[in-house]
Each structure stands twice: as structure tokens, then as C-alpha cells.
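The values are calculated or read from the model by the stated rules, or taken from the named source; none is laboratory data. Values in this document were obtained by computation on a predicted structure and should not be read as measured data. Cβ sites come from the backbone with ideal geometry, for glycine too, and all protein chains shown count toward neighbours.
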Amino acid sequence: MALRHFLDIDQFDTAFLRGILSRARDMKAAGRAGEGQRRVSSDTVLALLFDKPSTRTRVSFDVAMRHLGGQTIVLNSGDMQLGRGETIGDTARVLSRYVDAIMLRTGAHSNLTELAANADIPVINGLTDNSHPCQVMADIQTFEEHRGSVEGCSVAWVGDGNNVANSWIHAAVRFGFELRIACPAELAPGEDILGWAEKQGGSVRVLDDPGAAVSGAHAVVTDVWVSMGDDEPEKRKALLAPYQVNAALMAKAGTDAVFMHCLPAHRGDEVTAEVIDGPQSIVFDEAENRLYAQKAILAWCFGLA
Ligand code: CP
Ligand code: NVA
């Protein structure tokens, strides 16, 4: 069996991704004990490797693995020889001798691909500077719980064209929905990913007017203005100030639109408290569904097909 890495949404076809979401829904319905669900053997170990902080990713992967019947080891790179210059390749080869899969949260995306290229076990992307695929799989699951199939819907991304936005672009193409991205030109997603979406026949547009982006949208999505590892926070905040998601902007989307945010959030910056704590917000359902989307991804990685 080829190694089952889960590195990015664009690497899979729609049927595969739909299969993961369907399994995630079943796992959620089955509850914590996962009655009727196949489990891994109790000595199966997932290493959770962090170069950057995390609350949701750390806890949801850890709990997902316990629900599947396996175990975890949480590793912070600063406590490892990795932090003293041991190569990613050697780290991958060594961890492959001990554990059964690795989830990595890191900065440069090349760290992830290098780990995967040198590991003999599945590697999962737990966020890089380029993408956050597990988050967006959970987000699609969450959207569909509230609004039905995302296919043919319109989603507005308002704010920084960052790693989470990139995974939304991958999802828009694979799940067949329109994505309108409102962001300052300096912080737009890269030409490479926008070019990929266009080549794939996706419906992804970059606009500078947040009002036009959210008009008639089924969901309004945003994220922090300063991601982990970003510099010049004050410059970014000044550029992004016109892209705050507030009640006036949500009113342009309509009362049925859901508000989404991967969290952590900064109330008063990218979103007002009124919106994120208001009736259209589904942010804690997104956080909850990390558990189920990732449980389904782990089940695939471990061959519980
Ligand atoms: N959304 C998300 O990935 O959160 P953490 O940074 O807390 O893991
Ligand atoms: N864009 C954010 C997402 C955090 C989950 C970051 O990379 O910091």
C-alpha cells in the first residue's frame, strides 16, 4: 500500500474527499465510543510534532487518536534535536522506527514535504505557512451541517489571503463552490494557487471590496490578521482594517449566511464580538468538527478503509 500522507486537499479527488467527510459524519453520529467503528490496535502511536503553538489541533488530534483506540506522543521541536540542527530527513527516518504516523505543524511548507519524503509512515499536515487542510475539511463538514451541500454555494473569504484561505481555494475547486476573496492586493493569495484554481476550472475570484464579496454569500469566513510567524503586525493591521467582519458587513450577506473562523480569534480586529458571539456564528461547531474530520483522516491513514 502506498504511504497514506494527508498533505493538502488539492492532492485528492472529490470522491476521496467526500468519502472522508461521510466517514467524519458517521463517526460524529457514532459518538465517543465509536460503536461499530473499526479501531486501530492499542499499540498504534501517532506523534504530534509542533514547531508552532496550538490548542485545537493539539487536543483534537490527541483525543481523535484515543477514540480510535491508539496513543499519542506530543513533541515540541524546541525540545528535540531538530531544534539544534538535526535534519528533518533524519528526524523522519528515526520517528518512522518508533511510531506509526506523524502530524506536523510547521512554518515552511518544505519542512512538511521533506518530512513526508523521508518518512516510512503516514504524515499529516497540521498547518504550514501555505495551508491548513484538516481545518478546512472540518469547515466543509460544519458548513454542510448548517446549510446542506456546499456544491454550487458561494463562500466569501474576507481578510488576509493566508494559509487557511489557500486551503479554502483547494476546497472550492474540489467541492465545486464559488469562493470570493476580499483582501488588500498586498495580502492576496499567490498567483500560483490562483492560477491552479483557474486551470482546474474553479470559481475563485479576488476582489478588493468586502461588501461585493459577501453579497448573497452562504458563508462569510475570516481569520486572524497576523498569523503565527508573520512580521510587521502593525502594517498588516492597517492594511486589513477595512476588511473587518462586523454587523454592517454581515447584513450585506443576509440573515441566512453563517459566520466562520478557524480560531483563535481577535475580537475587535478581524471580527467584532457582536458577530463572532452572535446567532450566525458557527465557530465552535468548526472547532468541534476538527475531532471528527481528523478521526476520519487518521482512519484512512491507518488503513481502516
Ligand atoms: N484552528 C487551529 O488550528 O487552532 P490551533 O492553532 O489552536 O490548533
Ligand atoms: N492563519 C492562522 C491560523 C491559525 C490556526 C495562523 O497561521 O496563525
(request) Specify which of the listed residues (185, 156) is small (Gly, Ala, Ser), under 24 Å from residue 248 (Cβ atoms) and buried (at least 24 other Cβ atoms within 10 Å of the Cβ). (result) 156
(message) Any residue at all in the stretch 196-215 that's at pLDDT below 95, part of a loop (DSSP other than H, G, I, E, B) and touching a Pro at 6+ places or on another chain (Cβ under 9 Å)?
(response) yes
(request) Only residues that are of a type in the set (Lys, Arg) and surrounded by 21 or more Cβ atoms within 10 Å (Cβ to Cβ): list them for the stretch 83-111, please. (result) 105
(request) From 260, 228, 250, grab the single residue that is under 16 Å from residue 154 (Cα atoms) and within 16 Å of ligand 1 (Cβ to nearest atom). (result) 260
(message) Go through (1) assigned to a helix (DSSP H, G or I); (2) within 16 Å of ligand 2 (Cβ to nearest atom); (3) in contact (Cβ under 8 Å) with a residue 60 or more places away in the chain for residue 116 and report which single condition fails.
(response) (2)
(request) Return the only residue of 19, 70 being under 25 Å from residue 145 (Cα atoms) and small (Gly, Ala, Ser). (result) 19
(request) Give me a count of the residues in the stretch 137-149 that are of a type in the set (S, T, N, Q) and either in contact with a strand residue (DSSP E or B) (Cβ under 6 Å, 6 or more places away or on another chain) or away from ligand 2 (no atom under 16 Å from the Cβ) (or both). (result) 2
(message) Being free of Cβ contacts under 8 Å to residues at least 60 places away in the same chain and crowded, with 24+ Cβ neighbours inside 10 Å: is that true of residue 165 here?
(response) yes
(request) Could you look through the stretch 50-70, keep only residues that are assigned to a helix (DSSP H, G or I) and away from ligand 2 (no atom under 16 Å from the Cβ), and pick out the one that is surrounded by the fewest Cβ atoms within 10 Å (Cβ to Cβ)? (result) 66
(message) If residue 47 satisfies all but one of (1) in a helix (DSSP H, G or I); (2) modelled with pLDDT of 95 or more, what's the number of the condition it fails?
(response) (1)
(request) Within the stretch 202-233, track down each residue that is over 17 Å from residue 162 (Cβ atoms) and over 22 Å from the mean Cα position of the chain (by Cα). (result) 209, 211, 212, 215, 216
(request) Say whether the condition of being surrounded by 15 or more Cβ atoms within 10 Å (Cβ to Cβ), acidic (Asp, Glu), within 19 Å of the chain's Cα centre (by Cα) and within 16 Å of ligand 2 (Cβ to nearest atom) is met by at least one residue in the stretch 263-270. (result) yes
(request) Being more than 14 Å from ligand 2 (Cβ to nearest atom) and not hydrophobic (A, V, I, L, M, F, W, C) is the filter here, so list the residues in the stretch 119-136 that pass it. (result) 120, 122
(request) Search the stretch 120-141 for residues being more than 14 Å from ligand 1 (Cβ to nearest atom) and among the hydrophobic types (A, V, I, L, M, F, W, C), and hand back the single one that is surrounded by the fewest Cβ atoms within 10 Å (Cβ to Cβ). (result) 121
(message) Looking at the structure I just gave you, is residue 202 without any contact (Cβ under 8 Å) to a residue 40 or more places away in the chain, away from ligand 2 (no atom under 16 Å from the Cβ) and over 25 Å from residue 268 (Cβ atoms)?
(response) yes
(message) Report every pair of residues separated by at least 6 positions or lying on different chains whose Cβ atoms are under 7 Å apart, first residue within the stretch 280-305 and within 21 Å of residue 145 (Cα to Cα), second among the basic types (Lys, Arg) and part of a helix (DSSP H, G or I).
(response) 287/56; 290/56; 292/28; 296/23
